[in-house]
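Beneath this line is the structure, given in structure tokens, with notes to follow.
The values are calculated or read from the model by the stated rules, or taken from the named source; none is laboratory data. Predicted model only: the values in this text are computed from it and were never measured. Cβ: placed from backbone, ideal geometry, glycine included. Neighbour counts: every protein chain shown. SASA here: full protein model, heavy atoms, side chains in, ligands and nucleic acids out. Shrake-Rupley method; radii C 1.70, N 1.55, O 1.52, S 1.80 Å.
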Amino acid sequence: MDLTDLTVLPIRGLLFDKDGTLFDFRRTWAAWAAQLLEHLAPGDTPRQQAMAGAIGFCLQELDFRPLSPVIAGTPAEVAALLLPFLPGQDLAPLVDLMNRLAEDVPLSEVVPLKPLLEGLIAKGYVLGLATNDAEAPARAHLSRSGIAEYFDFVAGCDSGFGAKPAAGQLKAFCRVTGLVPEEVAMIGDSTHDLHAAEAAGMTAVAVLTGIATERDLAPVADVVLRDIGGLTEWLPLR
């Protein structure tokens, strides 16, 4: 897409998705998925394979299928798909386990985050995070990366605002910051992020650091960037 063809809007707030946007999705969540399946069915390869299939994960390749619910779903949605393979297990304890394991996943920044975020703040942008992960793991990931202080707003699927593709988290960001939706860009790697932006009346910025391709994202994005590092080039054109 030719960046010079975009309509100039007064963007003042930047609301980021987390996994696949700030952090490389495959490197972060493949290890988590393998660890979770081993924890749930230790040594039981057939059951691990069956559960992996249910959540769109390939154990052999340690990679996710394009439509895996892990990519944009909530922990509860993923847990519900695993429960049929876990007789006697209840949803809430399973979600708690998934969230505990998620706090310690390996984190791989898509670009060096500190200098990028510091530069955006220095230019006056207000930053927020809206993720379908739970809030506690999300805050843990930001803290481990040394960037928690840069965000004026952090919401997870359990923060009381709902989950994407609904617009609750995005509207809450506006309430907290005093910005109007037209002043905010929602940046994410999935159609859930982009549909949420559309529902909230925000600019939808897609990045290609998740599982979805440009062909998947372009029809519902206002702009597609290779990664969030492209914001420094794109934002001045707004």
Response to the item:
Restricted to the range 90-103 and to residues being in contact (Cβ under 8 Å) with a residue 12 or more places away in the chain and open to solvent by 60 Å² or more (accessible area, probe 1.4 Å), the residue farthest from the chain's Cα centre (by Cα) is Leu91
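I'd like the full set of residues that are part of a loop (DSSP other than H, G, I, E, B) and under 13 Å from Ile71 (Cα atoms), limited to the range 182-207. I'd like the intermediate steps shown before the answer.
Step one: list which residues in the range 182-207 are part of a loop (DSSP other than H, G, I, E, B), which gives 189-190, 201-202.
Matches in the range 182-207: Asp189, Ser190.
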Practice prompt. Looking only at the range 45-69, count how many residues are open to solvent by less than 20 Å² (accessible area, probe 1.4 Å), β-branched (Val, Ile, Thr) and either touching a strand residue (DSSP E or B) at 6+ places or on another chain (Cβ under 6 Å) or more than 23 Å from Pro137 (Cβ to Cβ) (or both).
Written response: 0
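Going by what's in this entry, would Ala136 be described as of a type in the set (A, V, I, L, M, F, W, C), in contact with an Asp or Glu (Cβ under 9 Å, 6 or more places away or on another chain) and without any contact (Cβ under 8 Å) to a residue 60 or more places away in the chain?
On the way: of a type in the set (A, V, I, L, M, F, W, C): yes; in contact with an Asp or Glu (Cβ under 9 Å, 6 or more places away or on another chain): yes; without any contact (Cβ under 8 Å) to a residue 60 or more places away in the chain: yes.
For Ala136, the condition - of a type in the set (A, V, I, L, M, F, W, C), in contact with an Asp or Glu (Cβ under 9 Å, 6 or more places away or on another chain) and without any contact (Cβ under 8 Å) to a residue 60 or more places away in the chain - is met.
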Worksheet entry | Filter result (surrounded by fewer than 17 Cβ atoms within 10 Å (Cβ to Cβ) and under 18 Å from Leu235 (Cα atoms)) within the range 126-149 | none
Fill in: Filter pass, Ala76 being farther than 30 Å from Gly124 by Cβ, in contact with a Cys (Cβ under 8 Å, 6 or more places away or on another chain) and open to solvent by 20 Å² or more (accessible area, probe 1.4 Å)
yes
Item to complete: Being in a helix (DSSP H, G or I) and at pLDDT below 95 is the filter; apply it to the range 99-114 and report the residue that is farthest from Asp227 (Cα to Cα).
Response: Arg100
Worksheet item: Within the range 151-167, is there a residue that is open to solvent by less than 30 Å² (accessible area, probe 1.4 Å), assigned to a helix (DSSP H, G or I) and on the phi < 0 side of the Ramachandran plot?
Response: no
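For the range 25-39: of the residues being open to solvent by less than 40 Å² (accessible area, probe 1.4 Å) and either without any contact (Cβ under 8 Å) to a residue 60 or more places away in the chain or not aliphatic (A, V, I, L, M) (or both), which is farthest from Pro106 (Cα to Cα)?
Step one: filter the range 25-39 for residues open to solvent by less than 40 Å² (accessible area, probe 1.4 Å), giving 25, 28-30, 32-34, 36-37.
Next cut, either without any contact (Cβ under 8 Å) to a residue 60 or more places away in the chain or not aliphatic (A, V, I, L, M) (or both) only: 25, 28-30, 32-34, 37.
Working: Phe25: 10, Thr28: 5, Trp29: 8, Ala30: 10, Trp32: 8, Ala33: 12, Ala34: 13, Leu37: 17 Å.
By that ranking, first place goes to Leu37.
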Worksheet item: Can you name every residue in the range 213-230 that is touching a strand residue (DSSP E or B) at 6+ places or on another chain (Cβ under 8 Å) and outside any strand (DSSP E or B)?
Response: Glu214, Leu217, Ala218, Val220, Ala221, Asp222, Arg226, Asp227, Ile228, Gly230
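Let me confirm something: among Pro10, Pro42, which residue is open to solvent by 20 Å² or more (accessible area, probe 1.4 Å), at pLDDT 95 or above, over 23 Å from Ala134 (Cβ atoms) and not polar (S, T, N, Q)? Give the derivation first.
On the way: Pro10 fails: at pLDDT 95 or above.
Matching residue, one of Pro10, Pro42: Pro42.
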